[in-house]
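Student: Have a look at the structure that comes next, please.
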Amino acid sequence: MTPSPITRRPNSEGIAVSHSEFPAVPDSSWAAATQPHQPILDAIRDHGWSEQDIFLPEDLTIALALECAALAAAGKLTLAGVSRGAAQSVQPGIRGDQIHWLEAGQSLACDRYLGIMESLRVALNRGLFLGLDEYESHFAFYAPGASYLKHVDRFRDDDSRTVSVVVYLNPGWLPEHGGALRLHPQGRHTEDIAPLGSRLVLFLSADMLHEVLPATRDRLSLAGWFRRRPVL
């Protein structure tokens, strides 16, 4: 794999656009405000996706992994569905993960994570003018052999999801464990990204076809979406 560049609410009005339509790099005052996340912004602008290692502090990654594992052991995860509304159904042959939505105040670790994502939301708005209004996220637990077939994250009848996020919670992950996130960038070769602990992946929700390959061990992550207000 040859990865794209890797790095480590005042709300901006605007609409979600494909990466080929992003405006020019902002002036120096805006660049200074977004500097900690600039490599992410550059990769999203240039390629439509970004990968960053060691995105979360190690202690937070461990705390979130323990919380996800505890929820699984207590039977508090639910099988994820495909589609939504009246059309939603559970189809493990298509999507095999179990999930638990995050809520503010459910744990100190989750609140720390949501705070980090809020700072990233502000940087994405300032640097790329995406008009992101909120962030939603859930734990995703894939048991050995579970997968998620090729799909895009934006619903056909709702354009709110703009930037997709995955943060991995798997210490000591090895290539032989499998479980890669496979991206299918338009007009380019596929990219397989191993679910290493603390690794962050972002991509444009409407554009990036992707899938989750089966693993030989439990695979833990946080999946999330930066959303904008629906266009009426």
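Student: Given the residues Ala43, Ala80, which is the only one that is modelled with pLDDT of 75 or more, within 22 Å of Arg228 (Cβ to Cβ), buried (at least 18 other Cβ atoms within 10 Å of the Cβ) and out of contact with any helix residue (DSSP H, G or I) (no Cβ under 6 Å at 6 or more places or on another chain)?
Tutor: Ala43
Student: For Pro36, indicate whether it is in a loop (DSSP other than H, G, I, E, B) and at pLDDT below 95. Show your work before the answer.
Tutor: Values: in a loop (DSSP other than H, G, I, E, B): no; at pLDDT below 95: yes.
No; evaluated as a whole, the condition is false for this residue.
Student: Just wondering, is there one or more residues in the range 138-161 that are buried (at least 17 other Cβ atoms within 10 Å of the Cβ), over 14 Å from Asp97 (Cα atoms) and among the aliphatic types (A, V, I, L, M)?
Tutor: Yes: one or more hits.
Student: I'm checking my understanding of the structure. Among residues of the range 101-129 that are outside any helix (DSSP H, G or I) and not aliphatic (A, V, I, L, M), which one is surrounded by the most Cβ atoms within 10 Å (Cβ to Cβ)?
Tutor: Once the filter is applied, the top-ranked residue is Phe129.
Student: Can you tell me how many residues in the range 215-227 are more than 19 Å from Leu77 (Cα to Cα) and assigned to a loop (DSSP other than H, G, I, E, B)?
Tutor: Here the count works out to 1.
Matching residues to (1) touching a Pro at 6+ places or on another chain (Cβ under 6 Å); (2) within 25 Å of Leu41 (Cα to Cα); (3) modelled with pLDDT under 95; (4) part of a strand (DSSP E or B):
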position	(1), (2), (3), (4)
Asp153	no, yes, yes, no
Ser164	no, yes, no, yes
Leu183	no, yes, no, yes
Gln186	no, yes, yes, no
Leu196	no, yes, no, no
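Student: So which pairs qualify, if the first residue must be in the range 43-61 and on the phi < 0 side of the Ramachandran plot, the second must be surrounded by fewer than 21 Cβ atoms within 10 Å (Cβ to Cβ) and small (Gly, Ala, Ser), the Cβ gap must be under 8 Å, and the two must be at least 6 apart or on different chains?
Tutor: Here the result reads Ala43/Ser4; Asp46/Ser4; His47/Ser4; Trp49/Ser4; Ser50/Ser4; Glu51/Ser4; Leu60/Ala109, each pair linking the range 43-61 to a residue that is surrounded by fewer than 21 Cβ atoms within 10 Å (Cβ to Cβ) and small (Gly, Ala, Ser).
Student: While we're on this one: Can you spot a residue in the range 143-152 that is touching a Leu at 6+ places or on another chain (Cβ under 9 Å) and within 18 Å of Leu64 (Cβ to Cβ)?
Tutor: No, that holds for no residue.
Student: Could you say which residue among Pro171, Pro230 is touching a helix residue (DSSP H, G or I) at 6+ places or on another chain (Cβ under 8 Å) and not in a strand (DSSP E or B)?
Tutor: Matching residue, one of Pro171, Pro230: Pro171.
Student: Which residue pairs have Cβ atoms closer than 9 Å, lie 6 or more positions apart in sequence or on different chains, and pair a first residue in the range 106-120 that is at pLDDT 95 or above with a second residue that is hydroxyl-bearing (Ser, Thr, Tyr)?
Tutor: What qualifies is Cys110/Ser137; Tyr113/Ser137; Leu114/Tyr135; Leu114/Ser137; Met117/Tyr135; Met117/Ser137; Glu118/Tyr135; Leu120/Tyr135.
The values are calculated or read from the model by the stated rules, or taken from the named source; none is laboratory data. Computed from a prediction, not measured in an experiment: that's the story for all the values here. Glycine also receives a Cβ, built like all others from the backbone with ideal geometry; neighbour counts cover every protein chain displayed.
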